[in-house]
Amino acid sequence: MRFQVKQIDFFERPVKLRLPFRFGIVTLTEAPQAFVRARIRLDNGKEAEGGAAELLAPKWFDKDPALTNEQNFEQLRASLRLARDAYLAGGSNTAFGHSIEIYGPQIAIAATRGLNSLVACYGPALIDRALLDALCRALGVSFYAAIQKNLPAISAPGWQADLMAFDMDEFLAGLKPRSAIAARHTVGLVDPLTAAEKKLDDGLPETLEEVVERYRHRWFKLKVSGDLRADLDRLTAIAKVLDARIGDPYRATLDGNEQFSDAEEAIRLWKLIREEPDLRRLASSVVFIEQPIKRSRALAGDISALAEDKPVIIDESDDSLEAFPRARRLGYSGVSSKTCKGIYKSILNAARCRLWNMEEGRDRYFMSGEDLTIQSGLALQQDLALVSLLGLSHVERNGHHYVNGMAGLPEAEQDRFLQSHRDLYERSHGAVRPRIPGGMLEIKSLDTPGYASRVLPDWNSMRKAQE
């Protein structure tokens, strides 16, 4: 299934948060959402259009405190422009072939412009999804069927020796999407927990108490700051809410967002958590720890002393196709899937988990589904379809909480998404937003021609990005 890339357009929409979202070194209150529209021509002459979307998130791809948010946005725009030029210059190729052909040059050229690998891969990550969407629409197949049949022609890159003998086609054919997936609720560093901290009056859940009451979540992602005393106090306050309001078992993950300088600091926090009587239940609920160590040092030393007690995964350090194998040698056992880092990277890493677990005869290696304040519509649906097909049972979701659903979109566009995906969305409090009954996201409707969406956004309502 080879095709040429005929046109790539960029658009943006402003996104304003209803609640400030504090993670790592940033408190996010607003950011643009980037959209990609791509047109392809199959070798038989048929043409089709596809789309993708992702937030231009500041202080995640590049956390240099000297950079302003606007400078972070421009870094990601530069990555998109660089990738677009490379895709348009290519000839006829498969979907994966287009992606892997520009992979090395994209990172190398971006580096000459002061852009790190995580930033460099942002542009291809969006364009790859738009191209795959167009391919699925041209062929009248769903994302699930396209991957199961390996229509993108995914294979181990020539330099990825650990996957060369792996039967990729057999692996992909055996993937089975879920019809529902648990939403793992994010508790940010400044999120209100109880009614005494409540500030809004928009009728939507604001405090952790209200979130548990409304959505009945049983999975939670808890942000920590690297300040041991503050983290212990914050987790104790969170545990007080969860323990009092959830009778049945709940599960949690801890996200360090690179706030620890080394493994020893992270070990000290985990030891304090285990020793604190008020955190006994919460500590027993933790299933893994996410990227506690700064990326500059995360892959520089062994973390087995921490990982022997709780699995540790990489997130921000996953900046290349080589990152997960390197992390494995240092004691990490998992890696995050984020569509902003690339769908093919997620699929190749999932294949590694299958291969490595077979080699070791135990289920040690795993993928997790993490969020980047993903917005309702294309971004949400494409990410959910990916993690569903990879077999994940839960995925971090926070875009619906920090942002007022589709309130900023034209009414007609909101209605199209609602009518096309009634299991996933509902209309409440004046806008279309995700449904999360019993803490679950129903996603049967994502099994549709195209990449997980029966409809495309209203391009005419967006601002076309400057060239």
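Values for this structure:
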read-out	value
Top-ranked residue in region 436-458 [being touching a strand residue (DSSP E or B) at 6+ places or on another chain (Cβ under 9 Å) and either farther than 30 Å from Gln148 by Cα or acidic (Asp, Glu) (or both); ranked as surrounded by the most Cβ atoms within 10 Å (Cβ to Cβ)]	Glu442
Whichever residue in region 17-47 is closer than 22 Å to Asn257 by Cα and among the polar types (S, T, N, Q) and, among such residues, is modelled with the highest pLDDT	Gln33
Subset of region 445-467 (residues that are out of contact with any Lys or Arg (no Cβ under 9 Å at 6 or more places or on another chain) and either over 25 Å from Lys221 (Cβ atoms) or assigned to a strand (DSSP E or B) (or both))	Asp447, Ser453, Asn460, Lys464
Qualifying residues in region 307-337 (those that are surrounded by fewer than 19 Cβ atoms within 10 Å (Cβ to Cβ) and acidic (Asp, Glu)) - the one nearest to Gln160 (Cα to Cα)	Glu322
Selection status of Phe260, within 27 Å of Leu380 (Cβ to Cβ) and surrounded by 15 or more Cβ atoms within 10 Å (Cβ to Cβ)	no
Within region 19-44, tally of residues that are open to solvent by 40 Å² or more (accessible area, probe 1.4 Å) and over 16 Å from Asn72 (Cα atoms)	7
Residue match in region 375-387 (condition: closer than 23 Å to Phe288 by Cβ and not in a helix (DSSP H, G or I))	no
Among the residues listed as Asp302, Asp319, Asp315, Asp309, the single one being modelled with pLDDT of 95 or more, closer than 22 Å to Ala252 by Cα and charged (D, E, K, R)	Asp315
In region 45-80, residue nearest to Arg129 (Cα to Cα) [restricted to those that are open to solvent by 30 Å² or more (accessible area, probe 1.4 Å) and charged (D, E, K, R)]	Glu49
Answer residue from region 232-257, given it is in contact with a helix residue (DSSP H, G or I) (Cβ under 6 Å, 6 or more places away or on another chain) and of a type in the set (D, E, K, R) and is surrounded by the fewest Cβ atoms within 10 Å (Cβ to Cβ) among those	Arg245
Residue tally, condition within 18 Å of Gly334 (Cα to Cα) and open to solvent by 20 Å² or more (accessible area, probe 1.4 Å), over region 268-302	8
Flag if Leu380 is over 21 Å from Asp458 (Cα atoms) and touching a strand residue (DSSP E or B) at 6+ places or on another chain (Cβ under 8 Å)	no
Residue in region 216-227 that is among the aromatic types (Phe, Trp, Tyr), farther than 17 Å from Asp371 by Cβ and touching a residue at least 12 places away in the same chain (Cβ under 8 Å) present	no
Failed condition for Arg229, given (1) open to solvent by 60 Å² or more (accessible area, probe 1.4 Å); (2) modelled with pLDDT under 95	(2)
Qualifying residue in region 193-201 (condition: part of a helix (DSSP H, G or I) and either in contact (Cβ under 8 Å) with a residue 12 or more places away in the chain or β-branched (Val, Ile, Thr) (or both))	yes
Filter result for Tyr144 (closer than 30 Å to Ala66 by Cβ, crowded, with 18+ Cβ neighbours inside 10 Å and either modelled with pLDDT under 95 or not basic (Lys, Arg) (or both))	no
Checking Ala138 against (1) under 25 Å from Gln7 (Cα atoms); (2) touching a helix residue (DSSP H, G or I) at 6+ places or on another chain (Cβ under 6 Å); (3) open to solvent by less than 10 Å² (accessible area, probe 1.4 Å), the condition it does not meet	(2)
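So that you can scan it fast, the table gives a plain yes or no per residue for (1) in contact with a strand residue (DSSP E or B) (Cβ under 6 Å, 6 or more places away or on another chain); (2) surrounded by 14 or more Cβ atoms within 10 Å (Cβ to Cβ); (3) modelled with pLDDT of 95 or more:
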| position | (1), (2), (3) |
| --- | --- |
| Leu82 | no, yes, yes |
| Tyr87 | yes, yes, yes |
| Glu101 | no, yes, yes |
| Ala111 | no, no, yes |
| Ile127 | yes, yes, yes |
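The values are calculated or read from the model by the stated rules, or taken from the named source; none is laboratory data. Every value quoted in this text rests on a predicted model; they were computed, and no experiment measured them. In this analysis, Cβ positions are derived from the backbone assuming ideal geometry, glycine residues included, and neighbour counts consider all displayed protein chains. Surface areas here come from the heavy atoms of the whole protein model, side chains and all, with no ligands, DNA or RNA. Shrake-Rupley method; radii C 1.70, N 1.55, O 1.52, S 1.80 Å.
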